[in-house]
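One structure below.
The values are calculated or read from the model by the stated rules, or taken from the named source; none is laboratory data. As the structure is a computational prediction, the values presented were derived from the model and not from experiment. As a convention, Cβ positions derive from the backbone with ideal geometry for all residues, glycine included, and neighbour counts pool all protein chains shown.
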Amino acid sequence: MKQGEIRHQPRHLINGRWVIGATTGVSTNPSDTREVVAEFARADRNQTEQAIAAAADALPQWSLSTPQRRADALDQVGSELLARKEELGALLAREEGKTLPEAIAEVARAGNIFKFFAGEALRIPGETMASVRPGVQVDITREPVGVVAIIAPWNFPFAIPAWKIAPALAYGNTVVFKPAELVPACGWALAEILSRCGLPAGTFNLIMGSGREVGQTLVEHPRVNAISFTGSVPTGRRILTATAARQAKVQLEMGGKNPLVVLADADLDQAVDCALQGSYFSTGQRCTASSRLIVDAPVHDEFVARLTRRLESLKVGHAMTRGTEMGPVVDGAQLEQNQSYMAIAAHEGAQHVWGGELVERETPGHYMNPALWLAEPHHRIAREEIFGPIACVLRADGYEHALSLANDTPFGLCAGICTTSLKYAMHFRRHAQVGMTMVNLPTAGVDFHVPFGGRKDSSHGSREQGRYAAEFYTTVKTGYMLA
Ligand code: TXE
């Protein structure tokens, strides 16, 4: 560890108490692999079951808590995240590797999410209806689902847990939160704030460790009523299969292979900006990243030339260094996966335009240049989620062809189009087979107060975020009464 840097020692939070792990693990800084960011507690099955029991025991009290109490707690968490965004952003940049400005913005977003759901706690919806029978009144109310397990990935270690934990608590559920193993210090920092916001013991629990042991225990446990997961498609499918028999409520946000269509009438500089931002920022490690750039033939070569010029000058470096535009890849395994896709692309006959090679910086880290390829629709780099700074360009012959290429994917998270034509923009919004569309905007980068999610292999279950989150975190009760 270098001088002046804090090494965190995150513990689990079980029933309001900080407890050491069955074993310990470490997280390291991807910008400088010599630096250990955290030595964290790793749970076994037994500790995970204790956290589940704590959440189940806390449920009767929290599920009947007043909206005011929930709003106050969530508002306090949101205020602290916003007040500490620089400090927590620095921790996030160190542990995950996104650039400092991106990390600070993510913490602020998490803060805003808590504040949004503080408001939602005061607006829990219900309806009163006239019955078809005389003298009978019908009330439709929403109640908490119960104990919710939150299984999070590493790529947004503050924002994704925030958009799951905040609605879970707002609607009266209790929580067991498992962060990804690569980012325990971020998960712990969020949990530490939650531990001081006035929640009764056991309402919110943090448990760290492997997906195989901790994650699997959460998924299989009969006292866990609902699971909200973001991560890879294979893990998501495994969770769905494992929970089907016991009918747990499941919400899955998984991969993407998001298209950005650039039509011949587009403002080309704007389109290049959208592609650069959407494909490479956050090192391409976003489920909404634009990994397929579908470009109309008349502007294809010029678009590729302009994007390449931008890539040549993109500053790849240490996440904490001022001026860095793209940080390192999160870890060695992901870097290896990215490199293997570079080899697959070459082997399948895609045309290499720029980048992709490993690069060295002053500190030892997982650095690679952003990569651009010209591909055919059947190439694996045009079909599979890589989750790295690798994009490919597909040539389209007019709008209809571009739309069919955009929809030619098993994924359906987000799709964007750059055009000055209202006709094509509106048609694309209607016919893109996705959960979110963007016109003249990057596919990545969404608001915190509106629904997030996709179709096809990208998502399963009801939407996250905004007031639509109530669908997952509540269950509806219809009450009849003879008036
Ligand atoms: O994901 P996992 P990983 C993709 C991306 C990346 C790949 C692997 O392509 O290269 O997934 O990343 C927990 N039961 N995305 O390994 O395995 C795990 O501990 C219950 C895309 O991080 O899906 C972690 O907390 N839980 C994605 C979480 O699931 C289990 C974002 C995600 O891990 C489990 C992240 C199990 N059997 C990765 N196994 C996106 N599109 O946003 C693992 N976990």
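Computed values, structure above
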item	result
Condition check for Thr324: farther than 23 Å from Ala264 by Cβ and either away from the ligand (no atom under 16 Å from the Cβ) or not in a loop (DSSP other than H, G, I, E, B) (or both)	yes
Candidate set: the stretch 258-275, residues that are surrounded by 22 or more Cβ atoms within 10 Å (Cβ to Cβ) and not in a helix (DSSP H, G or I); chosen: the one nearest to the ligand (Cβ to nearest atom)	Asn258
Any hit, the stretch 202-225, residues being touching a strand residue (DSSP E or B) at 6+ places or on another chain (Cβ under 6 Å), among the aromatic types (Phe, Trp, Tyr) and under 18 Å from Gln50 (Cβ atoms)	yes
Single match in Gln9, Gln61 (criterion: within 17 Å of Pro179 (Cβ to Cβ) and surrounded by fewer than 16 Cβ atoms within 10 Å (Cβ to Cβ))	Gln9
Members of the stretch 232-257 found to be more than 16 Å from Arg455 (Cα to Cα), more than 11 Å from the ligand (Cβ to nearest atom) and buried (at least 18 other Cβ atoms within 10 Å of the Cβ), listed by number	Ala248, Lys249
Of all residues making up the stretch 186-199, the number that are buried (at least 16 other Cβ atoms within 10 Å of the Cβ) and over 15 Å from Ala162 (Cα atoms)	1
Only one of Thr321, Thr308 that is within 21 Å of Gly97 (Cβ to Cβ), of a type in the set (Val, Ile, Thr) and modelled with pLDDT of 95 or more	Thr321
Some residue of the stretch 181-204 being charged (D, E, K, R) and either over 23 Å from Ile113 (Cβ atoms) or within 16 Å of the ligand (Cβ to nearest atom) (or both)	yes
Within the stretch 385-483, helices (runs of 4 or more DSSP H) holding 3 or more residues that are away from the ligand (no atom under 16 Å from the Cβ) and more than 24 Å from the chain's Cα centre (by Cα)	399-407, 422-431
Leu88, sole failed condition from (1) within 23 Å of the chain's Cα centre (by Cα); (2) surrounded by fewer than 23 Cβ atoms within 10 Å (Cβ to Cβ); (3) in a helix (DSSP H, G or I); (4) among the hydrophobic types (A, V, I, L, M, F, W, C)	(2)
Scan of the stretch 333-370 for residues that are loosely packed, with under 12 Cβ neighbours inside 10 Å and either among the β-branched types (Val, Ile, Thr) or part of a loop (DSSP other than H, G, I, E, B) (or both), ordered by number	Gly349, Glu357, Glu360, Glu362
Neighbours by Cβ (under 7 Å, 6+ apart or cross-chain): first from the stretch 284-302, more than 14 Å from Leu374 (Cα to Cα); second within 16 Å of the ligand (Cβ to nearest atom) and acidic (Asp, Glu)	Cys287/Glu253
The lone exception for Lys115 - which of (1) within 21 Å of Val476 (Cβ to Cβ); (2) away from the ligand (no atom under 16 Å from the Cβ); (3) basic (Lys, Arg) it fails	(1)
Qualifying residue in the stretch 168-175 (condition: touching a strand residue (DSSP E or B) at 6+ places or on another chain (Cβ under 8 Å), farther than 26 Å from Lys98 by Cα, crowded, with 24+ Cβ neighbours inside 10 Å and of a type in the set (Ser, Thr, Tyr))	yes
Complete set of residues in the stretch 91-129 that are of a type in the set (Gly, Ala, Ser) and surrounded by 22 or more Cβ atoms within 10 Å (Cβ to Cβ)	Ala93, Gly97, Ala103, Ala110, Gly111, Ala118, Ala121
Complete set of residues in the stretch 22-39 that are modelled with pLDDT of 95 or more and either crowded, with 22+ Cβ neighbours inside 10 Å or outside any strand (DSSP E or B) (or both)	Ser27, Asn29, Pro30, Ser31, Val37, Ala38
Pick from the stretch 214-231, criterion touching a residue at least 40 places away in the same chain (Cβ under 8 Å), near the ligand (Cβ under 9 Å from one of its atoms) and not in a strand (DSSP E or B), ranking: farthest from Ala56 (Cα to Cα)	Gly231
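Condition check ((1) under 27 Å from Gly25 (Cα atoms); (2) assigned to a loop (DSSP other than H, G, I, E, B)) across all residues:
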position	(1), (2)
Gly209	yes, yes
Pro234	yes, no
Arg246	no, yes
Gln277	no, no
Phe281	no, no
